[in-house]
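Chemist: Below you will find the structure I want to go over with you.
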């Protein structure tokens with residue numbers, strides 16, 4: 001640990017130089033710590049470069065910004081958590097206990113946010129690691145990366161695929177090299193992510209050097225049933241983006257962020273996809289580099305057998321995407337058999353029967369269940385039963401709490417306030433705003449405790465959590481918490 005603290009301030013020495021943070025309520029918070037050079041000008045569509053050294057002290061006490069983006073598509077149910085945008089977004093948020101003894105080191109939790117590769121930030125208040133760092137004595141890192149066209153555009157000669165994923169690789173390398181300066185254990189790093197963030201962590205775990213980036217992983221609501229794009233398709237999207245820019249395309253490195261976001265909005269409107277698709281217009285791409293094959297295929301076949309996993313879903317993942325889609329509701333009954341066959345091939349009828357048994361209500365409810373199986377649950381269970389070596393067991397959970405917003409139930413993202421334990425920051429989210437506070441607090445403590453046992457790399461005797469295994473053990477989180485066998 002290489003920091004000094006004073007009244008309200010903290011000074012840490014990392015490899016690039018000294019940084020100044022704040023002491024707040026028992027925690028040291030360093031905001032906007034740069035891990036890469038600002039991806040602007042000629043670096044706008046380039047692979048990230050490690051941050052060069054600086055002279056003096058780098059100020060990490062200011063209110064953070066976030067990567068350029070449009071409003072979140074699920075904001076109506078989750079709330080919007082805006083911050084000013086800034087293309088200089090290869091930054092980290094770091095929270096560490098301020099009472100560590102000299103030489104003491106604690107486990108590290110690095111969180112990669114979701115948002116369909118289009119929105120979100122590790123710097124948003126809803127993703128604050130303050131509570132986790134304070135209650136469980138860990139170092140928490142919030143990772144931000146390039147989004148939308150800036151992070152996932154693929155144009156030959158202009159933008160290589162998966163730049164946002166390359167950003168994440170650099171961020172985890174930075175964590176290995178520097179986290180000891182904040183009291184973190186460099187050899188005890190858990191990568192946690194939700195939705196798109198979970199999918200990217202799954203990709204990183206499959207890399208030949210994946211074990212050099214982190215030691216274990218938590219995949220929360222990873223949509224691994226959604227295939228990554230082929231390079232040909234990604235290039236087609238890139239050409240369409242350039243067509244929208246028109247004569248401005250030749251100046252793509254110089255255009256304002258507003259101009260690029262406007263083009264991105266036009267692209268989204270013109271490429272909505274088929275009914276029921278939740279795939280974003282920008283996505284991870286099979287590129288023969290970071291992603292040589294479909295991530296789920298690689299994970300199930302054992303590419304990440306070295307990596308202990310927690311894999312979880314919420315019970316009603318798809319309701320937030322579909323429940324207010326009147327067009328889909330009108331056609332759901334007639335399209336169900338066709339969709340089941342498209343999604344599950346020869347197993348379509350069985351999948352549809354299972355969906356109807358679980359959701360015997362309106363056809364739209366059945367459709368939500370069917371797509372939830374396809375995008376989330378089937379992949380979760382496949383990872384639970386994956387090929388693994390003795391280090392690579394998989395624990396599986398399902399988050400069932402959904403009492404605050406009965407229209408949606410336990411929908412996609414609903415577990416995040418319980419994971420971070422910062423309910424005040426989620427007051428724009430209807431389920432949390434309507435929920436009974438004592439109930440949510442108790443469930444949050446239990447959910448956090450199970451996951452933080454995993455982060456520490458050791459089981460807690462009072463909280464046994466069996467691996468998924470042949471018994472298909474799944475830990476369910478609701479008013480009651482316990483294992484069911486699926």
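Table: residues versus (1) in a strand (DSSP E or B); (2) more than 28 Å from residue 310 (Cβ to Cβ); (3) without any contact (Cβ under 8 Å) to a residue 40 or more places away in the chain.
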residue	(1), (2), (3)
10	yes, yes, no
20	yes, yes, no
42	no, yes, no
53	no, yes, yes
83	no, yes, no
87	no, yes, no
96	yes, no, no
115	no, no, no
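Chemist: Assess whether residue 455 counts as being farther than 18 Å from residue 380 by Cα, surrounded by 15 or more Cβ atoms within 10 Å (Cβ to Cβ), touching a strand residue (DSSP E or B) at 6+ places or on another chain (Cβ under 6 Å) and modelled with pLDDT of 90 or more.
Modeler: yes
Chemist: Going through the stretch 124-166 one residue at a time, which ones are in a loop (DSSP other than H, G, I, E, B) and surrounded by 24 or more Cβ atoms within 10 Å (Cβ to Cβ)?
Modeler: To start, the set of residues in the stretch 124-166 that are in a loop (DSSP other than H, G, I, E, B) comprises 124, 128-129, 137-138, 144-147, 153-154, 156-158, 160-162.
The answer is 129, 138, 144, 145, 146, 147, 153, 154, 161, 162.
Chemist: Scan the stretch 360-370 and tell me whether some residue there is within 27 Å of the chain's Cα centre (by Cα) and within 25 Å of residue 470 (Cβ to Cβ).
Modeler: No, the stretch 360-370 contains no residue that is within 27 Å of the chain's Cα centre (by Cα) and within 25 Å of residue 470 (Cβ to Cβ).
Chemist: OK, next. What is the residue count in the stretch 412-443 for residues that are under 24 Å from residue 318 (Cβ atoms) and buried (at least 20 other Cβ atoms within 10 Å of the Cβ)?
Modeler: Total meeting the criteria: 16.
Chemist: A follow-up question, please. Modelled with pLDDT under 95 and either over 15 Å from the mean Cα position of the chain (by Cα) or at negative phi (or both): is that true of residue 225 in this structure?
Modeler: Answer is yes for this residue.
Chemist: Output the residue which, of all residues in the stretch 449-486 that are part of a helix (DSSP H, G or I) and free of Cβ contacts under 8 Å to residues at least 24 places away in the same chain, is nearest to residue 135 (Cα to Cα).
Modeler: 449
Chemist: Further question: Return yes when residue 406 is outside any helix (DSSP H, G or I), out of contact with any helix residue (DSSP H, G or I) (no Cβ under 8 Å at 6 or more places or on another chain) and surrounded by fewer than 22 Cβ atoms within 10 Å (Cβ to Cβ) and no when it is not.
Modeler: yes
Chemist: Which of the residues spanning the stretch 55-81 are within 23 Å of the chain's Cα centre (by Cα), surrounded by fewer than 16 Cβ atoms within 10 Å (Cβ to Cβ) and either in contact (Cβ under 8 Å) with a residue 60 or more places away in the chain or not in a loop (DSSP other than H, G, I, E, B) (or both)? Explain how you work it out, then say what you get.
Modeler: Start the filter on the stretch 55-81 by keeping residues that are within 23 Å of the chain's Cα centre (by Cα), which leaves 63-81.
Still in the list and also surrounded by fewer than 16 Cβ atoms within 10 Å (Cβ to Cβ): 63, 70-71, 75-76, 80.
Listed by number, the residues that qualify are 70, 75, 76, 80.
Chemist: From the list 417, 431, exactly one residue is more than 20 Å from residue 485 (Cα to Cα), touching a helix residue (DSSP H, G or I) at 6+ places or on another chain (Cβ under 7 Å) and not in a loop (DSSP other than H, G, I, E, B). Which is it?
Modeler: 417
Chemist: Grab the helices (runs of 4 or more DSSP H) fully contained in the stretch 195-280, keeping just those with 3 or more residues being farther than 27 Å from residue 127 by Cα. Outline the logic, then answer.
Modeler: On the way: elements: 196-205, 231-245, 257-270.
Result: 231-245, 257-270.
Chemist: Can you spot a residue in the stretch 173-186 that is under 30 Å from residue 345 (Cα atoms) and either at pLDDT 95 or above or in a strand (DSSP E or B) (or both)? Quick ask: steps written out before the conclusion?
Modeler: Going through the stretch 173-186, the residues under 30 Å from residue 345 (Cα atoms) turn out to be none.
Checking the stretch 173-186: not a single residue is under 30 Å from residue 345 (Cα atoms) and either at pLDDT 95 or above or in a strand (DSSP E or B) (or both).
Chemist: Any idea which of 448, 395 is surrounded by 22 or more Cβ atoms within 10 Å (Cβ to Cβ), at pLDDT 90 or above and either within 17 Å of residue 312 (Cα to Cα) or within 22 Å of the chain's Cα centre (by Cα) (or both)? So that I can check it myself, show each step before the final result.
Modeler: Details: 448 fails: surrounded by 22 or more Cβ atoms within 10 Å (Cβ to Cβ).
Residue meeting the stated conditions: 395.
The values are calculated or read from the model by the stated rules, or taken from the named source; none is laboratory data. What you are looking at is a predicted structure, and each value in this text was computed from that prediction instead of being measured. Cβ sites come from the backbone with ideal geometry, for glycine too, and all protein chains shown count toward neighbours.
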